[in-house]
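Please read the structure below before turning to the comments.
The values are calculated or read from the model by the stated rules, or taken from the named source; none is laboratory data. These numbers were taken from a predicted model, which means no experiment stands behind them. For neighbour counting, all protein chains shown are included, and Cβ atoms are generated from backbone atoms with ideal geometry for every residue, glycine included. Note: areas computed on protein heavy atoms with side chains; ligands, DNA, RNA excluded. Shrake-Rupley method; radii C 1.70, N 1.55, O 1.52, S 1.80 Å.
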Amino acid sequence: MTTLDRPAVPVTVVLDEPIAMRDGTVLRADVYRPATGGPHRTALVRNPYAEQVFRTTPVTPWLRAGMAVVLEYCRGRGNSEGRFEPWRDEGRDGADTVAWIVGQPWSNGEVVASGGSYLAGCALQLAAERPKGLKAVAASMTPHDFYDGLKYHGGAFALGSAFFWASLQVLLEAGIAMERGGEMPPRVGDVLGARDNAAAALGTVPIRDAAGLAEAFPFWAEWIDHPERDEYWQELADTLRHDRIDVPVLHTAGWFDLFLKGTLENHRRIPGGRLVIGPWSHMGQDGSVGELDFGMGASVQAVQLEKTQTDFLLGNTEAGPAVRYFTMGANVWREADAWPPPEATPTRYHLHGDGILSTAPPGADAPPSRFVHDPDDPVPTWGGGLLMPDTKNVGPRDQREVEERPDVLSFTTDALTEDVEVTGHITVVLHAETSAPGSDWTAKLVDVWPDGRAMNVTDGIVRSPGDRLRHEIDLVATSQTFPAGHRIRVDIASSNFPRFDRHPAMKRAEQTVHHDAAKPSWISLPIMPR
């Protein structure tokens, strides 16, 4: 035990504190607490990543607020015992850790859990266990389900993010093996090479065989071997029972985060929480993302998110608006009593055969639009809510080069004569056919600037059997003002690679998109009143 002097905060620190789980496995945690006063409310953060990363966690605001902080390593990570199995043990282990904290002489019996991404999932999973003493959770940018919105979107495998995360886990396993003198993961060299040449690895057919990942990290094979929501995924889902979470939760989301849907769903399913949504990506919250800068007011510093989270964890769970969200285009913060704002009106913008997007209904005999999908030349991922090996490929990016491809259909409004604000959930309905046994259908909402730039706003995908005519694509949500002089565009294609894997049929296909009165296609945009 040592006492450290951080700025204005004398702190007592214990590194690698042993904490026994109910099955006898001993996890390790770094414990920080004010050197004077007490007992203390405690903030718990649970981590599946590297020790050197975790020990840079900014704990000073909590310590200054008089809280103790416990930074715990998940099973098989840091110096914790056991085997790391993604998501399986986090609820029980988290609950056991809360019980340990409550029993410490420096604890006042009150615990709050916090984290982002996987760490936020740990917090929600332990909350579902309802441990005695848990008072609140702050969860940032995390999935609501381990199948839908994490490893699969609309039935398509989230290849880019899954590869990024799985290969990272192999590197962590290798680092732990080196530190402990244990056995290295098989084919770790192949995985290292694949991270340096991701394009080749992601192009492997079948993708299950990419870079030896199935041998180095067996969960990679499990994810791919279970493309439907089956017992494998349901067993994991049972560790995150939203109906069992009975403490207030502060949710933080980003319009360009890959877990936007997850965070919004967590908020919807857990009553009484608060929600903050900014123009952020998974790895960046400074107000600049992709090729757009939303101004200093968009940064987490400007919105005082750190203070909001600390106040919430201290027990001020009712202070402030229920929902605070950033409207891009207007670049302003707005407040609401609920998400989505109930005053938004779902409005259909129809796809027309001449490339027009408008609220006018389609004609009775309007001819369809056609394109050829070639799985050997898929439409490349260019921006969006991503976390992929190319970490710069994220957020809003100019889509013009992608839109020039013959396998991308674009439908665009006339120049707007007044501002149009779109805030809420967005859905595309296509009536479309394929010559292949099955097909993916992608849709992308785009803001076309007067100078010609075509900046993506949000997108989605659905994987459908070949005999299906009607396809519903979830584009999740946004808050975007399309200013006067801009145009609204929808891009339709059959691939978005490598964000998503290519359709497993791997068949060149003739694609037909209908937009007549009997088989209309449209995007539903939630329009806010002026």
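Run Arg92 past the list (1) closer than 20 Å to Lys135 by Cα; (2) open to solvent by less than 20 Å² (accessible area, probe 1.4 Å); (3) among the basic types (Lys, Arg) and report the number of the one that doesn't hold.
(2)
Any chance you could count how many residues in region 201-253 are in contact with a Lys or Arg (Cβ under 7 Å, 6 or more places away or on another chain) and small (Gly, Ala, Ser)?
4
Counting just the residues of region 476-530 that are among the β-branched types (Val, Ile, Thr) and more than 24 Å from the chain's Cα centre (by Cα), which one comes out nearest to Val448 (Cα to Cα)? Quick ask: steps written out before the conclusion?
From region 476-530, those among the β-branched types (Val, Ile, Thr) are 476, 478, 481, 488, 490, 492, 512-513, 523, 527; that's our starting set.
Filter once more, keeping what is more than 24 Å from the chain's Cα centre (by Cα): 488, 512-513, 527.
Values: Ile488: 6, Thr512: 25, Val513: 22, Ile527: 18 Å.
Among them, the one singled out is Ile488.
Search region 67-105 for residues being free of Cβ contacts under 8 Å to residues at least 40 places away in the same chain and among the small types (Gly, Ala, Ser), and hand back the single one that is nearest to Thr42 (Cα to Cα).
Within region 67-105, the match that is nearest to Thr42 (Cα to Cα) is Ala68.
A quick yes/no check of all residues on (1) closer than 26 Å to Gly384 by Cβ; (2) under 21 Å from the mean Cα position of the chain (by Cα); (3) modelled with pLDDT of 95 or more; (4) open to solvent by 20 Å² or more (accessible area, probe 1.4 Å):
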{"site": "Leu213", "(1), (2), (3), (4)": "yes, no, no, no"}
{"site": "Gln234", "(1), (2), (3), (4)": "no, yes, yes, yes"}
{"site": "Ile245", "(1), (2), (3), (4)": "no, yes, yes, no"}
{"site": "Ile270", "(1), (2), (3), (4)": "no, yes, yes, no"}
{"site": "Ser281", "(1), (2), (3), (4)": "yes, yes, yes, no"}
{"site": "Ser288", "(1), (2), (3), (4)": "yes, yes, no, yes"}
{"site": "Glu291", "(1), (2), (3), (4)": "yes, yes, yes, yes"}
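Output the residues belonging to region 341-362 that are open to solvent by less than 60 Å² (accessible area, probe 1.4 Å), within 26 Å of the chain's Cα centre (by Cα) and over 20 Å from Phe294 (Cβ atoms).
Ala344
Looking for whichever is in a helix (DSSP H, G or I) and under 30 Å from Leu134 (Cβ atoms) here; the options are Leu236, Leu275. Which one fits? Talk me through it step by step, then tell me what you get.
Details: Leu275 fails: in a helix (DSSP H, G or I).
Going through Leu236, Leu275 in turn, the sole match is Leu236.
Which of the residues spanning region 116-162 are open to solvent by less than 20 Å² (accessible area, probe 1.4 Å), more than 15 Å from the chain's Cα centre (by Cα) and under 23 Å from Leu213 (Cβ atoms)?
Ala156
Return the residues of region 194-211 that are of a type in the set (Val, Ile, Thr) and either open to solvent by 70 Å² or more (accessible area, probe 1.4 Å) or touching a residue at least 12 places away in the same chain (Cβ under 8 Å) (or both); say none if nothing qualifies. Outline the logic, then answer.
Residues of region 194-211 that are of a type in the set (Val, Ile, Thr), as a first pass: 204-205, 207.
Selection gives Val205, Ile207.
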